[in-house]
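Asks: Below: one structure in structure tokens.
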Amino acid sequence: MKVEKISAFSYKNDGGNPAGVLFMDKMLSDNEMLKIAKEVNYSETAFLLKQGDDFRIRYFSPETEIPFCGHATIASGYSIGQKFGLGKYTLFLNEGSIKIDVGEKNGESFTSISSVQTHSKEIDEEYITNLIDSFSFNKNDLNQDYPIKIAFSGNNHLIIFLKDKQKFSQMKYDFPKVKSLMEKENIVTISILWKENENLYHSRNAFAYGGVVEDPATGSAAIALAEYLRNTGLKKSGEIEILQGFDMNQPSQLFVSFSDVDNSSVKVSGTSRVIK
């Protein structure tokens with residue numbers, strides 16, 4: 001068994017978010033998968049076991065199992081396409097399943113994920129205050145048109161919009177404190193966002209929950225953003241583009257489309273490249 005190293009949601013064949021992809025002959029133990037994820041030392045490694053024409057998939061960060069990971073799924077789509085051909089596949093998660101469509105766009109691998117059912121919920125004001133106090137911005141820097149909420153896309157993501165691009169670019173946070181707060185509410189990532197226009201969003205993603213300071217591309221959070229926009233009525237349907245990782249010198253590009261049907265599946269897409 002060999003771990004493939006694929007960068008998902010790449011931008012003009014550069015950057016993206018690295019993921020490990022391992023096709024298993026049989027299901028490994030949790031400890032074995034965690035050990036491999038630690039050795040690979042990417043934010044996530046995906047483990048796949050073929051089941052008929054489809055796949056069982058699990059995701060591990062260097063510290064813990066993650067219920068769903070968008071960029072590792074996009075990376076897996078690239079590898080599935082190389083090994084088994086382009087087309088549509090079902091991936092079975094710990095809970096539920098997702099559909100992927102593996103194809104090509106402008107000569108590059110292009111994979112789309114259709115998510116599980118999504119939903120949003122409110123978060124306690126005291127919790128928000130404690131969290132904001134742990135970041136380099138304060139409540140005056142928040143975009144008041146975008147209320148802070150949790151959006152679920154297979155994982156819980158906290159959505160925070162800032163009104164100033166400079167504050168967005170200077171984002172830092174107290175890692176141990178934020179990690180503890182994320183674990184308390186089972187929030188997998190915190191999406192810090194700045195809106196350029198109604199179709200283009202810039203994102204930074206704190207992933208202390210998984211032991212990583214910042215993720216350069218987060219498909220699950222991109223799905224959550226679409227759910228959030230639909231739930232709040234700020235954008236009920238359509239297509240958006242998300243640029244992430246530019247402040248980390250790992251430019252990433254995510255494409256998202258969604259309908260106006262409440263809680264319905266959201267599609268996120270992107271290209272991949274092999275890490276040499």
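The values are calculated or read from the model by the stated rules, or taken from the named source; none is laboratory data. On a predicted model such as this, the values are computed, not experimentally measured, just so you know. Quick reminder, even Gly has a Cβ in these numbers, built from the backbone with ideal geometry, and neighbours come from all protein chains shown. Areas reflect the complete protein model, heavy atoms only, side chains present, ligands, DNA and RNA absent. Shrake-Rupley method; radii C 1.70, N 1.55, O 1.52, S 1.80 Å.
Asks: Mean Kyte-Doolittle hydropathy of 1.0 or higher plus an axial Cα length of 18 Å or more: which whole DSSP H helices in the chain meet both?
Replies: Taking the DSSP H segments of the chain (at least 18 Å long, mean hydropathy at least 1.0), we get none.
Asks: Of the DSSP beta bridges with both residues in segment 140-276, give the percent that are antiparallel, rounding to the nearest 5.
Replies: For segment 140-276, the DSSP antiparallel bridge percentage is about 75.
Asks: To the nearest 10 square angstrom, how much accessible area does ASP133 have with a 1.4 angstrom probe?
Replies: 110 Å²
Asks: Each residue of segment 6-17 in turn: what ³J(HN,Hα) in whole Hz from Karplus with 6.51, -1.76, 1.60 and θ = phi - 60°, glycine and Pro shown as x?
Replies: Per residue, the Karplus-derived 3J(HN,Hα) values read 10, 9, 9, 6, 5, 10, 6, 6, 9, x, x, 10 Hz.
Asks: Mind checking which lysines have their Cα closer than 20 Å to the Cα of LYS35? Skip sequence neighbours fewer than 8 apart in that chain.
Replies: List returned: LYS2, LYS5, LYS26.
Asks: Going highest first, how would you order 160-171, 209-220, 104-115 by mean Cβ packing within 10 Å?
Replies: So the order, starting with the most tightly packed, is 209-220, 104-115, 160-171.
Asks: Among the lysines, which have Cα under 18 Å from the Cα of LYS99 when same-chain residues fewer than 8 positions away are ignored?
Replies: Excluding near neighbours in sequence, the set is LYS50, LYS83, LYS88, LYS267.
Asks: Size of the dipole of segment 169-276 about the Cα centre, Lys and Arg at +1 and Asp and Glu at -1 on the beta carbon, nothing else charged, in debye to 20?
Replies: Here the size comes out at about 220 debye.
Asks: Something else: I'd like the distance between the alpha-carbon centres of segment 68-92 and segment 232-274, rounded to an integer number of Å.
Replies: A separation of 17 Å, based on Cα centres.
Asks: Let me check I've understood the local charge: for SER114, count other residues with C-beta under 9 angstrom from its C-beta, Lys and Arg +1, Asp and Glu -1. What total comes out?
Replies: After counting each charged neighbour, the total is +1.
Asks: Where nothing but the Cβ of Lys and Arg (+1) and of Asp and Glu (-1) is charged, how large is the charge dipole of the chain around its Cα centre, in debye to the nearest 20?
Replies: Roughly 580 debye for the chain.
Asks: Given that just one value was derived from the coordinates, which of (1) 28, 20, 17; (2) 26, 24, 20; (3) 36, 20, 18 is semi-axes √(5λ) of the Cα gyration tensor in Å?
Replies: Entry (1).
Asks: Restricting to lysines 8 or more places apart or on different chains, can you count the pairs in segment 112-218 with Cα atoms under 19 Å from each other?
Replies: Total qualifying Lys-Lys pairs in segment 112-218 comes to 18.
Asks: Taking only protein heavy atoms and a 1.4 Å probe, what accessible area per residue, in Å², does segment 195-276 have with all protein chains in place?
Replies: So segment 195-276 comes to 37 Å² accessible per residue, rounded to a whole number.
Asks: Pop out the carbon and sulfur fraction of the accessible area of segment 14-149 as a percent, whole number, probe 1.4 Å.
Replies: Of all accessible area on segment 14-149, carbon and sulfur atoms account for 43 percent.
Asks: Further question on the same structure: So, with +1 on the Cβ of K and R and -1 on the Cβ of D and E, and no other charges, what is the size of the charge dipole of segment 1-72 about its Cα centre, to the nearest 20 debye?
Replies: The calculation lands at about 120 debye.
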